[in-house]
Amino acid sequence: MIKSITGTKDILPEDIQRWNFLESIVEKVFASFNYKEIRTPVFEETALFARGIGEATDIVGKEMYTFIDRSETSITLKPEMTASVVRAFVEHSLGTKQPLNKLFYISPMFRQERPQAGRFRQFHQFGAEAIGSNSPLLDAEMIQMAFDIFKLLGLKDVSVKINSLGVPESREKYKELLRNYLFDKKDNLSEDSRMRFEKNILRIFDSKIECDREIMKNAPLLIDYLDEESKNDFEIVKEALTRGNIPFEIDPKLVRGLDYYTKTTFEIVSEKVGSQSALCGGGRYDLLIEQLGGKPTPGVGFAAGIERILLACENEKAFSIPESSIDLYITRLDKELEKFVYDIASYFRRENFIVEIDYLDRSVKAQMREANKLGSRYVLFAGGEEFQNGLLNLKNMADGIQKTFDKNNLEEIKNYLKK
Ligand code: AMP
C-alpha cells in the first residue's frame, strides 16, 4: 500500500473544523489591521531562496526540496514566504502602486527537517509582511497581530521574546568582537558551531549543545553594541508593546535562523508544545528587497506555524468546536420515492439548508438512526398512507413535535424550518 511521505500529514474531515476556525480568526485579525491577502506559487527558482534567505542558513544549506525540472531549471518548493512575497512585490512593482503594502498569507511550506512532534516536512504558515515603511510601530503591529490571534484562539501560555539585531554596520563591528571572544575557544565548540564561526557566527547562539551554551554564556551581546537608531527604534517597539498590554521579555540571544533580519526580531513561544516551542517568529528586513533586485525598501514581517499552534491549542484545551449538525434529513419508505426525495432535497439545499438523504437503501429505522447520528434538527418523512394522501410528515427532533404538510407546498415547509 502506498503511504503518505514521511513528515507530511493528511488533514482529515475530523480535523478540518479546527483549521477553518483558526484560519477564520487569522483572516479576521489581519483584515482589522487592513492587510490584504497574497498567494504565490508553491515553487520558485532556487536562486530566490539561496539569495533571499542566505546560503549559510540551515534552510538553504540542508533543508530545501530542490530539484531540476524537465527544462533544466533548478526549482525549490518554498521553505518560507518572505522571499516569495518580496519577489512578487518587486516583479509587480507593488511599491509604485502604493507606498506601503500590507500583505498576509496562509500557505504550505516545505523543509526537509527531521520529523518530530510539531515539526513536519510539509507544514503550514500564516504570516504578514509590511513593505515600504521603517516605522518601528509596524514591528510592534506584527507582534500585536500574532498576539491577538493567539489570544482569540484562547491560548494563554505564550510568551513574547524580542531582540534587536541592529543595522549591518553595528552588527559587523559586534561580530568582530564576538570573533575575538571566541577565537581561542573555538576548538571547544561543537562541529556545527565551528562551521558557524566561519559562516554565520551569530547562529552559535542558537545552538542547544551544552559545550556551546557554556561558552556562549559569557559572550558579548549584540544588544549592548547597538547603534543609536536601532536603540531608539527598539525603545519605540517596547513602549508600544507595553501600551498594548503585551507582556514581553528581551532575549539578547534571539538571533533567528535567517540572514536577512535587521533591527527588531521576535518570537512567540508556547510552554505547551514540547521542544519545538516557537509558534511564530519574525522581524525587520530592511535590506532584503534591495538584495532581491528591488529599490531599497524597508520591510517587516512574521510567520507562524499552524500545526504547532493547533498542537498548543489542543494541549491547552484553548477552544472547542461545536459538534457539527445538519438541518434536515429526508427519510423515505420505498425505493420508488428515491427520486422524489432527491429532488426535494435539492430544493431545500438551494434554500441554504444543510440536507442529507439516504443513498444506501437503508430501512426507515436505519435512516432515522443516521438522522440522529448527524444531529439533524428535523426529519421529513415521505411514504405510507400519508404520502398517498399528498402529505409529508415533519418531526422536530428536539421536542418530538410532528406536523404534516402538503407535499406540493415545499415553500410552507421552508418557512416553517426558517422560524
Ligand atoms: P521560521 O520561518 O523558521 O521562522 O518559522 C516560523 C514558524 O513556522 C515557527 O515558529 C514554527 O511555528 C513554524 N515552523 C517552522 N518550521 C517548521 C516545521 N518544519 N514544521 C512545523 N512548523 C514549522
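The values are calculated or read from the model by the stated rules, or taken from the named source; none is laboratory data. In this text the structure is predicted, and so the values were computed from the model without any measurement. Heads up, the Cβs are rebuilt from the backbone with ideal geometry, glycines too, and the neighbour counts pull from every protein chain shown. Protein only, heavy atoms only, side chains kept; ligands, DNA and RNA dropped before computing areas. Shrake-Rupley method; radii C 1.70, N 1.55, O 1.52, S 1.80 Å.
What the table below lists for this structure:
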item	result
DSSP-defined beta bridges in the chain - what % are antiparallel, rounded to 5	80 percent
Nearest-20 debye value, the chain charge dipole, Cβ charges on Lys, Arg, Asp, Glu	360 debye
Entries in LYS78/LYS295; LYS28/LYS161; LYS62/LYS186; LYS175/LYS295; LYS217/LYS238 that, when Cα-Cα distance is taken, lie over 30 Å	none
Projected area averaged over orientations for the range 257-297, convex hull of C-alpha atoms, nm²	3.3 nm²
Set of lysines with alpha-carbon distance to LYS419 below 18 Å, sequence-local pairs under 8 removed	LYS395, LYS403
Three-way shape label, the range 86-176, alpha-carbon gyration tensor, a/c 1.5	rounded
Ranked order, MET368, MET145 - accessible area, probe 1.4 Å, largest first	MET368, MET145
Solvent-accessible area, 1.4 Å probe, carbon plus sulfur percent, for the range 307-419	46 percent
Selected from ILE330, VAL341, GLY390, residue furthest toward positive end of dipole (the range 328-417; charges at beta carbon)	ILE330
Filtered trypsin sites (Lys or Arg not before Pro), the range 187-228: DSSP coil and at most 10 other beta carbons within 10 Å	LYS208, LYS217
Accessible area per residue in Å² at 1.4 Å probe, computed on the chain	51 Å²
Isotropically averaged projected area of the range 136-224, using the convex hull of Cα atoms (one quarter of hull area), nm²	7.5 nm²
Antiparallel content of DSSP bridges confined to the range 328-417, in %, to 5	55 percent
At most 16 other Cβ within 10 Å, DSSP loop - trypsin sites (Lys or Arg not before Pro), the range 38-112	ARG39, ARG70
Percentage, to the nearest whole number, of Cα pairs in the chain over 39 Å apart	37 percent
Cross-link reach list, aspartates and glutamates versus LYS365, counting only Cα pairs under 15 Å and skipping chain neighbours closer than eight places	ASP334
Residue-by-residue Karplus 3J(HN,Hα) for the range 71-77, coefficients 6.51, -1.76, 1.60, Hz, glycine and proline x	9, 6, 9, 7, 10, 9, 6
Prolate/oblate/rounded label for the range 216-280 (Cα gyration tensor, a/c 1.5)	oblate
Max mean-square fluctuation residue, GNM over the chain, Cα-Cα springs under 10 Å, options LYS263, LYS185, LYS231	LYS185
For the range 159-209: Kirkwood Rh in Å [reciprocal of mean 1/r, alpha carbons]	11.9 Å
Size of charge dipole - the range 159-300 - debye, nearest 20, with Cβ of Lys, Arg +1 and Asp, Glu -1, no other charges	240 debye
Computed E for LYS335/ASN372 - FRET, C-beta separation, R0 22 angstrom, nearest 0.05	0.50
The range 328-417 shape via C-alpha gyration tensor axes, a/c threshold 1.5	rounded
Cα radius of gyration and Dmax for the range 9-85 (Å)	16.2, 44
The chain: angle of helix 13-32 to the longest principal axis, Cα-based, in degrees nearest 10	60 degrees
